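A.B. asks: Could you have a look at this structure, given as structure tokens, before my questions?
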Amino acid sequence: ILILLTLFITTTFAQQPQKYINVNGTSEVVRNADQINFSIQIKNISETVEKSKSLTDGNTSSLLALLNKHGINADDIEVSPIKLGKNFEFPDGSRQRVHNGYFTHVDVSFLLKDISKYYALSNDIAKSDAYEIISSNYNISDYEAQHKSAYQEALKAAKEKALYMCNTLGVKLGSVLEVEENDQWQSEISPMNTSTYEVSRTGSPSGKVT
């Protein structure tokens, strides 16, 4: 959670109009992850839309049954609306595309709240070749609280910087004129994260969320 705040702090100079200084405050909070977000794409191509959809429906149902087996709550699972269409390919490097069937595509995302189940779950998912892309990233259950903490620490950092600047210059620190948030540094919904894999595959993966 990386925040950049800009504070405009007033200073009072004797016999002079009110003036201000501009300072930036930043704060980075790093916490151990306790959840994992998964995203799985299911896609099938067949000679008819009906057959392609039937395969995708079956794969989706099998995945949901697997998630239920591993105790994933239905409220933590999201299944996208199905996408259907003609599928094309460019054979042998040709620039001319060729219609080779019909595709159906569904995205399934879910939250694993108990990361001790990670290896058992991921091993079961890997047994099926029905999933085109599987991706995951670390998360923390109290993300909003940590996000708020980062803002507070950024404000404190800005104030501390303004104080020692004024003390050095021999001027008095006045009231805050404006607080500006730099959107460039706002945290994303899916936070940046890092992982460290255990030597033993019997434990839980470890990672941190920034």
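The values are calculated or read from the model by the stated rules, or taken from the named source; none is laboratory data. As the structure is a prediction and not an experimental result, all values here were calculated from the model. Cβ coordinates were reconstructed from backbone atoms using ideal geometry, including for glycine residues, and neighbour counts include every protein chain displayed. Protein only, heavy atoms only, side chains kept; ligands, DNA and RNA dropped before computing areas. Shrake-Rupley method; radii C 1.70, N 1.55, O 1.52, S 1.80 Å.
A.B. asks: Scan the stretch 52-94 for residues that are surrounded by 12 or more Cβ atoms within 10 Å (Cβ to Cβ), in a loop (DSSP other than H, G, I, E, B) and not small (G, A, S) and jot them down.
C.D. replies: H70, I72, I82
A.B. asks: Let me ask another. Of the conditions (1) assigned to a helix (DSSP H, G or I); (2) open to solvent by less than 80 Å² (accessible area, probe 1.4 Å), K156 clears all except one; give me its number.
C.D. replies: Only one criterion in (1) assigned to a helix (DSSP H, G or I); (2) open to solvent by less than 80 Å² (accessible area, probe 1.4 Å) is unmet by K156, namely (2).
A.B. asks: Continuing with this model, one more query. Please determine, by comparing only the residues of the stretch 95-127 that are open to solvent by 60 Å² or more (accessible area, probe 1.4 Å) and part of a helix (DSSP H, G or I), which one is farthest from G71 (Cα to Cα).
C.D. replies: Checking each candidate, the answer is A126.
A.B. asks: Go through the stretch 165-177 residue by residue and tally those that are in a strand (DSSP E or B) and either in contact with a His (Cβ under 6 Å, 6 or more places away or on another chain) or open to solvent by 90 Å² or more (accessible area, probe 1.4 Å) (or both).
C.D. replies: 2
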